[in-house]
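Remarks on the structure that follows.
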Amino acid sequence: MSSVLNRDFAFENIPSIKAKTLRINLNPDIYGTFAEIGAGQETARHFFRSGGASGTIAKAMSAYDKAFSDAIYGVEKDGRYVTQDRLKRMLSHEMKLMEERISRDEHPDRLFFAYANTVATIDFSKRYKGHGWLGIRFQLDPQQKEFDEIVLHVRFKQNEARLQQETLGTVGVNLIYGAFYKYHKPRKMLKYLYDHIDRDTIEIDMVNFTGPNFKDVDNRLISLQLIKNDMTDAVMFGPDGNNLLPAAVLYKKNILAIRGSFRPVTKVNMDMYEKSYDIFIREQTVDVDMSIVLFEITLSNLKASGELDEQDFMDRAELLCSMGHTVLITKFQEYYKLVEFFSNYTKAKIGLTMGVNNLVEVFDEKYYRHLSGGILEAFGKLFFKDLKVYLYPMKNTETGQIMTSNNIKVHPRMKELYKFFKYNGKVMDIIDYEPDILDIYSRDALKKIMNGEEGWEEMLPEGTAKIIKEKKLFTRKVVEDKQKV
């Protein structure tokens with residue numbers, strides 16, 4: 001690693017944006033390009049103004065015209081410009097030029113970087129607030145062959161393009177500064193992205209760290225930090241463990257969401273998923289190729305045992321990802337907020353798979369007292385769209401009776417409201433369920449796993465027990481506690 005960078009670690013928490021840019025400009029090794037599309041050269045401007053930019057900036061450009069942009073970076077298949085693919089093309093192109101045009105023989109200590117953003121600010125009607133992609137590809141050692149990279153997506157909340165541009169410039173500086181001086185503290189670096197920015201001006205809803213200096217960073221845990229730090233309301237990651245942008249994944253899609261603790265995934269969870277999915281894809285308006293299934297966990301569920309246990313979260317995430325599922329973590333305790341979130345990105349079919357006990361809670365007025373319109377306002381948001389609830393039965397532990405949409409007990413004041421939605425086809429029973437597994441509960445399986453008891457394997461889907469044993473899921477904390485004793 002550059003000796004200059006090592007010396008610079010002696011300085012911490014430099015307060016101003018000007019001080020950050022000046023520190024980078026005065027570092028003789030850091031050298032790179034700025035390519036900014038859609039909101040002006042707001043980041044590069046900070047570096048030019050602070051002084052000493054000639055030692056840092058190889059090139060600053062803004063290919064505003066689409067024809068020019070396509071000529072430089074190529075044409076996207078979908079014809080869009082504010083996308084992650086576009087950002088990646090920009091970073092790749094600019095870094096390639098750096099390597100081709102700057103001689104390593106003459107500059108053996110140079111640390112190359114390419115910073116890019118592609119952004120759409122607020123429109124004239126102010127209906128569309130705007131969003132953008134930012135990223136930096138860089139090296140921390142001149143001998144480093146594989147580059148490090150940080151990519152993030154932001155949503156603007158301000159109502160003026162000028163203010164959004166200024167915010168973007170500040171975030172860009174914070175990102176570049178963090179890449180070189182806070183890379184070893186990725187969690188703290190997320191918070192530093194908001195230096196000199198009010199939290200209510202911008203939302204960061206996706207970030208990915210890749211490269212040799214981030215090989216130990218699990219991007220799913222980084223996603224969790226975005227939720228914990230109130231940077232966003234929902235994050236998503238795919239089976240490969242990399243974070244996904246919900247807006248891009250959900251755009252115009254039919255969505256089937258299954259909420260649960262998945263601690264661990266049981267035969268009941270999978271039966272709910274498989275049976276509801278079979279019904280969902282047979283719906284008249286559903287195109288299976290334009291559909292996605294999400295396993296959703298709420299933040300309140302992750303905190304069910306008190307403080308948020310990151311190892312417990314990772315065990316659930318590891319299991320679901322290993323099974324090939326896409327995971328959504330949200331702050332939406334109420335279902336209507338989840339549906340509202342989906343409705344931001346799609347007008348297609350939305351399905352919610354839930355158990356009888358969950359549906360009973362949906363009709364509990366206590367969850368809607370904060371709304372001026374109470375439960376009616378919530379239900380207007382929940383059932384207004386093309387939404388259907390797929391209801392999985394529950395066995396009454398006292399009587400042995402199978403509870404379905406026909407015999408569930410809702411509050412007397414809610415009976416007529418419930419009947420309205422049921423008879424209008426908004427609630428559909430899953431009838432081909434497996435009756436032999438209704439006695440299986442995640443909490444019982446978890447207890448057996450943690451206590452080293454036998455019999456939990458039969459409670460889980462085929463292959464799941466093997467994953468848990470191989471990866472030592474849901475048991476590491478128990479082992480650590482025993483070691484402490």
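The values are calculated or read from the model by the stated rules, or taken from the named source; none is laboratory data. This is a predicted model, so every value here is computed, not measured. Counting neighbours? That spans all protein chains shown, and the Cβs are built from the backbone with ideal geometry, glycine included. Protein only, heavy atoms only, side chains kept; ligands, DNA and RNA dropped before computing areas. Shrake-Rupley method; radii C 1.70, N 1.55, O 1.52, S 1.80 Å.
Annotations
- Within the range 220-342, DSSP assigns beta bridges of which about 35% are antiparallel (rounded to the nearest 5).
- Length-normalised contact order of the chain in % [C-alpha pairs under 8 Å, at least 6 apart]: 11
- Total charge dipole magnitude, the chain, about the Cα centre, Cβ charges on Lys, Arg, Asp, Glu only, Debye to nearest 20: 1100
- Note on the range 374-485: Rg/Rh from Cα positions, Kirkwood definition for Rh, rounded to two decimals, is 1.13.
- Computed from label points 7 Å out along Cα-Cβ, the spacing between Val288 and Phe68 is 4.8 nm.
- Peptides ranked, highest mean first, by Cβ atoms within 10 Å: ranges 101-113, 163-175: 163-175, 101-113
- Solvent-accessible area assigned to carbon and sulfur over the chain amounts to 49 percent, based on a 1.4 Å probe.
- Straight-line cross-link partners of Lys252 among the lysines, defined as a Cα under 20 Å from its Cα and at least 8 positions apart when in the same chain: Lys77, Lys129, Lys337, Lys347, Lys349, Lys381, Lys385, Lys388.
- The charge dipole of the range 85-235, taken about its Cα centre with unit charges on the Cβ of Lys, Arg, Asp and Glu (plus for the first two, minus for the last two), comes to roughly 300 debye.
- On full extension, the segment bounded by Lys252 and Ile431 gains 61.5 nm, given 0.36 nm per residue less the C-alpha separation.
- Between Ile281 and Lys469, the distance separating the two model label sites (each 7 Å from Cα on the Cα→Cβ line) works out to 3.1 nm.
- Summed residue charge, Cβ within 14 Å of Arg259's Cβ, Lys/Arg positive, Asp/Glu negative: +1
- Under 15 Å, Cβ to Cβ, from Lys385 - net charge with Lys/Arg +1 and Asp/Glu -1: +4
- Tensor-based shape of the range 282-434 (alpha-carbon gyration tensor, a/c under 1.5 rounded, otherwise prolate or oblate): rounded
- Listed values (i) 1.63; (ii) 0.94; (iii) 1.10, entry calculated as Cα Rg over 2.2 N^0.38 Å: (iii)
- Probe 1.4 Å, protein heavy atoms only - accessible area per residue of the range 243-329 in square angstrom: 37
- Neighbourhood net charge (9 Å Cβ-Cβ; Lys/Arg +1, Asp/Glu -1) for Gly211: -1
- DSSP-defined antiparallel bridges as percent of all bridges, the chain, nearest 5: 45
- Accessible area per residue in Å² at 1.4 Å probe, computed on the range 361-416: 59
- Partners for Lys215 among aspartates and glutamates (Cα-Cα distance below 12 Å; same-chain residues under 8 apart left out): Glu146, Asp148, Glu149
- The average projected area of the range 291-380, computed from the convex hull of its Cα atoms over all directions, is 7.2 nm².
- Proportion of all alpha-carbon pairs of the range 38-130 beyond 16 Å (%): 64
- Overall dimensions of the range 86-165 as given by Cα atoms, namely Rg and Dmax in Å: 16.5, 53
- In the chain, the calculated helix contribution to ellipticity at 222 nm averages -11000 deg cm²/dmol per residue, counting -39,500 (n - 2.57) for every DSSP H run with n ≥ 4.
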